[in-house]
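Accompanying notes for the structure given below.
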Amino acid sequence: MREPTPAPGRPARLSRDAIVAAALESDLSTLTMRDLAARLGVSHAALYRWVPDRDGLFDLISVEMAQRILPQTEPTAGTWREWLRDLAWKMHDEFLVVPGFAAHVAAPHRHNPESFGRLRDQVRLAFRLAGASPEMAEQSWYVFGLSVVRWIGADHADYDLGDDLPRFDLFLDVLLRGLPAREAADQGAQE
């Protein structure tokens with residue numbers, strides 16, 4: 001996405017960083033482009049010169065969230081499980097701190113190819129380093145991604161699950177013990 005050029009002699013009142021920061025301070029489930037423009041102190045039309053629509057806004061937010069959650073180091077054959085655990089906890093913590101983001105991610109939606117691609121590539125690499133074939137690394141990515149995102153979405157939805165709430169640490173432990181995915185014939189040999 002190309003940033004608009006400000007008029008000569010006038011300082012830019014908007015930037016991607018300012019738009020993302022203002023959006024992340026809002027409840028994304030109810031935020032409208034008009035509300036965001038008001039929060040930024042600009043016209044609705046000025047905001048649309050930077051962000052074409054709500055999907056474009058979520059693209060910018062997704063790039064920022066990927067920066068926040070992806071571990072600084074790449075996984076290795078010896079650290080892949082810890083790397084995935086760290087990633088899942090960062091997803092948990094970052095997605096829940098931004099109102100409405102967990103619900104957005106948990107619902108079917110168009111993914112930003114840049115941020116989604118980086119996340120997917122790194123998770124598949126972790127499973128490949130764990131010994132999974134390319135096909136099983138892809139399946140493991142789906143299981144890991146969907147499971148963690150759905151858990152976070154359910155956590156955000158605040159379902160009444162009684163007094164003994166499920167714990168993310170236990171869920172994550174069970175999930176990672178079962179990954180990477182293996183063909184059914186391979187599982188018998190592993191057990």
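What accessible area per residue, rounded to a whole number of Å², is obtained for segment 56-104 using a probe radius of 1.4 Å? Each step should come with its number before you reach the end.
Numbers: 2070 Å² over 49 residues.
Result: 42 Å² of accessible area for each residue.
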(request) Show the residues, 5+ positions off or on another chain, whose built amide H is closer than 5 Å to the amide H of Leu28. (result) Gly100, Phe101
(request) Calculate, for Ala45 and Glu25, the FRET efficiency according to 1/(1 + (r/R0)^6) with r their C-beta to C-beta distance and R0 25 Å; round to the nearest 0.05. (result) 0.65
(request) Specify the residue with the greatest mean-square fluctuation among Arg39, Arg124, Arg150, computed from a Gaussian network of the chain linking alpha-carbon atoms under 10 Å apart. (result) Arg39
(message) Restricting to DSSP H runs of at least four residues, report the calculated mean residue ellipticity at 222 nm for the chain, -39500 (n - 2.57) per run over all residues, nearest 500 deg cm²/dmol.
(response) -20000 deg cm²/dmol
(message) Starting from 0.36 nm per residue, how many nanometres of slack lie between Arg118 and Gln67 once their C-alpha separation is accounted for?
(response) 17.4 nm
(request) Quick one: pull the percent of accessible area on segment 14-96 belonging to carbon and sulfur, 1.4 Å probe, ligands and nucleic acids left out. (result) 48 percent
(request) Give the relative contact order (percent, whole number) for the chain; include only Cα pairs under 8 Å separated by 6+ residues. (result) 21 percent
(message) Taking 0.36 nm per residue of sequence separation and subtracting the Cα-Cα distance, how much length would be gained by fully extending the chain between Asp173 and Val97, in nm to one decimal?
(response) 25.1 nm
(request) Could you point to the label whose value was computed as semi-axes √(5λ) of the Cα gyration tensor in Å for the structure here, given (1) 37, 20, 13; (2) 29, 18, 17; (3) 34, 20, 14? (result) (1)
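The values are calculated or read from the model by the stated rules, or taken from the named source; none is laboratory data. None of these values were measured; they are calculated from a predicted model. When we count neighbours, we look across all protein chains shown, and the Cβ atoms used for this are built from the backbone with ideal geometry, even at glycine. Protein only, heavy atoms only, side chains kept; ligands, DNA and RNA dropped before computing areas. Shrake-Rupley method; radii C 1.70, N 1.55, O 1.52, S 1.80 Å.
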